[in-house]
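Working notes, beginning with the structure itself.
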Amino acid sequence: MVIKGKIHCFGNDVNTDDIIPAVYLDTTEPSELAKHCMTGIDPAFPCRVMSGEIMVANKNFGCGSSREHAPIAIKACGIACVVAASFARIFYRNAINIGLPIVVCPEAAAESTDGDVLEVDTTQGTIRNLTTDKTYTTAPFPEFMQRLISAGGLMEYVREKRRQMCIK
């Protein structure tokens, strides 16, 4: 899967309250969560982000509580991929489970600037900053994770598998 888009940069220790403030957790509706994505750091973010763009952060992105609302809000507001130096473990798993591609690459995170354009190839394990013409290597997604993300997340993957079983 190749994802190309303008990036929005964030720093270290972006927690789930920054991603989706607790006051908005009374819903799980993605379109409602999207309206408040990243407002804990940047209140104007939901108005600035465009579909297909990429979020870049430094260390420990998604730390804090294990709420699934955080990756849902990110995906629903149009972010196609998150690249970070590191992720909180539960956030990483929640993101994959809802079909949000996330990539660990400390070098790309450190050397990217707001507004740069990245091309992320999750199959090959490369990130190319088209603005600076630098290429970074990261671990490619295992085939199983690629199938989960392509299906739209774990639940959609399971539904698809069940449909296939019923057809046979």
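Is region 80-102 home to any residue that is touching a helix residue (DSSP H, G or I) at 6+ places or on another chain (Cβ under 9 Å) and on the phi > 0 side of the Ramachandran plot? Checked against the condition, which is being touching a helix residue (DSSP H, G or I) at 6+ places or on another chain (Cβ under 9 Å) and on the phi > 0 side of the Ramachandran plot, region 80-102 yields at least one hit.
Inclusion of residue 151 among residues that are loosely packed, with under 13 Cβ neighbours inside 10 Å, hydrophobic (A, V, I, L, M, F, W, C) and touching a residue at least 12 places away in the same chain (Cβ under 8 Å) is not warranted. From the list 109, 88, 57, the one residue that fits, being under 12 Å from the mean Cα position of the chain (by Cα), at pLDDT 95 or above and crowded, with 19+ Cβ neighbours inside 10 Å, is 57. Count of region 21-74 residues, restricted to those that are assigned to a strand (DSSP E or B), in contact with a Cys (Cβ under 7 Å, 6 or more places away or on another chain) and either free of Cβ contacts under 8 Å to residues at least 12 places away in the same chain or aromatic (Phe, Trp, Tyr) (or both), is 0.
Among what's in region 1-54 and is of a type in the set (S, T, N, Q) and surrounded by 16 or more Cβ atoms within 10 Å (Cβ to Cβ), pick the residue that is farthest from residue 142 (Cα to Cα). First the steps, then the outcome.
First pass over region 1-54, keeping only residues of a type in the set (S, T, N, Q): 12, 15-16, 27-28, 31, 39, 51.
Checking the rest, the ones that are also surrounded by 16 or more Cβ atoms within 10 Å (Cβ to Cβ) come to 15-16, 39.
On the way: 15: 26, 16: 26, 39: 33 Å.
For region 1-54, the residue satisfying everything is 39.
Which of the residues that make up region 104-132 are without any contact (Cβ under 8 Å) to a residue 40 or more places away in the chain and of a type in the set (Gly, Ala, Ser)? Matches in region 104-132: 125 only.
The values are calculated or read from the model by the stated rules, or taken from the named source; none is laboratory data. Bear in mind that the values here come from a model prediction, so they are computed numbers and not experimental data. Note that each Cβ is placed from the backbone with ideal geometry, even for glycine, and that neighbours are counted across all protein chains shown.
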